[in-house]
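Chemist: Attaching a single structure in structure tokens format; questions to follow.
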Amino acid sequence: NADVMQNPRHLVRRRGQEARLRCSPMKGHSHVYWYRQLPEEGLKFMVYLQKENIIDESGMPKERFSAEFPKEGPSILRIQQVVRGDSAAYFCASSPWATNEKLFFGSGTQLSVL
Amino acid sequence: QKEVEQDPGPLSVPEGAIVSLNCTYSNSAFQYFMWYRQYSRKGPELLMYTYSSGNKEDGRFTAQVDKSSKYISLFIRDSQPSDSATYLCAMTLTSGTYKYIFGTGTRLKVLA
């Protein structure tokens, strides 16, 4: 869904560098979800955020990964000191309400770690 | 064993064929079942959303849930080349939750 904007579309990082992935939700949506799609695996939930709050980060690795959704600007998923295993497609989704079954997904960011 | 199993394909069919896509799952507590379509280099797009067992129809698409067999299906009638995409099943325990469990997807090719 083109209305959920993710950038960059492709990101190449060397091991040990930082990766910053951005997501602008659909207009009027204040709930953002990040999912990761590893090769040969299904999409897996990482974190759920509302404006300025992390609601559920139970799917996020405990180290090196962090997410924010500030009052102004896009949601950011940050991966510090990337490793090859972080290579994946990262999708952001948004919804207008907290309990809406329909999530609108962005086109994703493909992260490649060399 | 994965919670949700889906044949990766690719599945190639001629235009106009009836397509059957399937997922099996292990957790009998799943209540809500979804099918997403994902075109190449795009995000998933919700096609069908069903609750518990039974059928749901929307145009050329029919979703079927058999909870006794832990098996869900998506049927596409009169398939078109524009249906060529990866189809993901997803399921969850309760309504409105964002913690979907996704299958790995089946790649479908509809040949003109």
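The values are calculated or read from the model by the stated rules, or taken from the named source; none is laboratory data. Quick caveat: nothing in here was measured; it's all calculated off a predicted structure. When we count neighbours, we look across all protein chains shown, and the Cβ atoms used for this are built from the backbone with ideal geometry, even at glycine. Accessible surface is based on the protein model in full, side chains and every heavy atom, while ligands, DNA and RNA are left aside. Shrake-Rupley method; radii C 1.70, N 1.55, O 1.52, S 1.80 Å.
Chemist: Would you please put A:56-64, B:80-88 in order of how densely packed they are, using the mean number of other Cβ atoms within 10 angstrom per residue and starting with the highest?
Modeler: Highest mean packing first, the order is B:80-88, A:56-64.
Chemist: Pop out the Kirkwood hydrodynamic radius of the protein assembly as shown from its pairwise C-alpha distances, inverse of mean 1/r, in Å to one decimal. List each step's numbers first, then the result.
Modeler: Numbers: mean 1/r = 0.0553 Å⁻¹.
After inverting the pairwise mean of 1/r, the radius is 18.1 Å.
Chemist: Where does each of B:Thr106, B:Thr94 land when they are ordered by accessible area, with a 1.4 Å probe and the largest first?
Modeler: Most to least solvent-accessible, the answer reads B:Thr94, B:Thr106.
Chemist: Take peptide A:43-49, look around each residue's Cβ out to 10 angstrom, count Cβ atoms belonging to other protein chains, and average those counts. It would help to have the intermediate numbers written out before the result.
Modeler: Numbers: counts 12, 4, 7, 0, 1, 3, 0.
Average neighbour count from other chains, rounded to a whole number: 4.
Chemist: Taking amide hydrogens as modeled 1.01 Å from N in the peptide plane, which residues meet the under 5 Å criterion relative to B:Gly43, leaving out close sequence neighbours?
Modeler: A:Ser107
Chemist: Further question on the same structure: Could you tell me the accessible area of B:Lys109 in Å² (1.4 Å probe, neighbours in place), rounded to the nearest ten?
Modeler: 90
Chemist: Using protein chains only and a probe of 1.4 angstrom, how many square angstrom of A:Val83 are accessible, to the nearest 10?
Modeler: The value for A:Val83 is about 60 Å².
Chemist: Sequence gap of 8 or more, or different chains, plus Cα separation below 20 Å: how many lysine pairs satisfy both in chain A?
Modeler: Step by step, the pairs that qualify in chain A add up to 7.
Chemist: Could I ask something else about it? Could you tell me the number of lysine pairs in chain B with C-alpha atoms less than 20 Å from each other, where the two lysines are 8 or more residues apart or belong to different chains? List each step's numbers first, then the result.
Modeler: On the way: B:Lys2/B:Lys67; B:Lys2/B:Lys70; B:Lys2/B:Lys99; B:Lys42/B:Lys109; B:Lys56/B:Lys67; B:Lys56/B:Lys70; B:Lys67/B:Lys99; B:Lys70/B:Lys99.
Number of lysine pairs found: 8.
Chemist: If you don't mind, there's one more thing I want to ask. Within a 10 angstrom radius of each residue's Cβ in B:56-66, how many Cβ atoms of other chains show up on average? Whole number is fine. Write down the numbers at each step before the final one.
Modeler: Numbers: counts 0, 0, 0, 0, 0, 0, 0, 0, 0, 0, 0.
Taking the mean over all residues of the peptide, I get 0.
Chemist: Please compute, for peptide A:35-41, the average count of beta-carbon atoms on other protein chains lying within 10 Å of each residue's beta-carbon. Don't skip to the answer; put the middle values down first.
Modeler: On the way: counts 5, 0, 7, 1, 1, 2, 5.
For this peptide, the per-residue mean of nearby foreign Cβ atoms is 3.
Chemist: In addition: Mind ranking A:His10, A:His29 by accessible surface for me, highest first, 1.4 Å probe?
Modeler: Numbers: A:His10 125, A:His29 25 Å².
Descending accessible area places them as A:His10, A:His29.
Chemist: Related question: In what order, largest first, do A:Ser30, A:Ser94 sit by accessible area if the probe radius is 1.4 Å? Intermediate values should be presented prior to the final figure.
Modeler: Values: A:Ser30 45, A:Ser94 0 Å².
Descending accessible area places them as A:Ser30, A:Ser94.
Chemist: Using square roots of five times the C-alpha gyration tensor eigenvalues, list the equivalent-ellipsoid semi-axes of region A:70-113 in whole Å, biggest first.
Modeler: Working: eigenvalues 121, 39, 14 Å².
Values for region A:70-113, descending: 25, 14, 8 Å.
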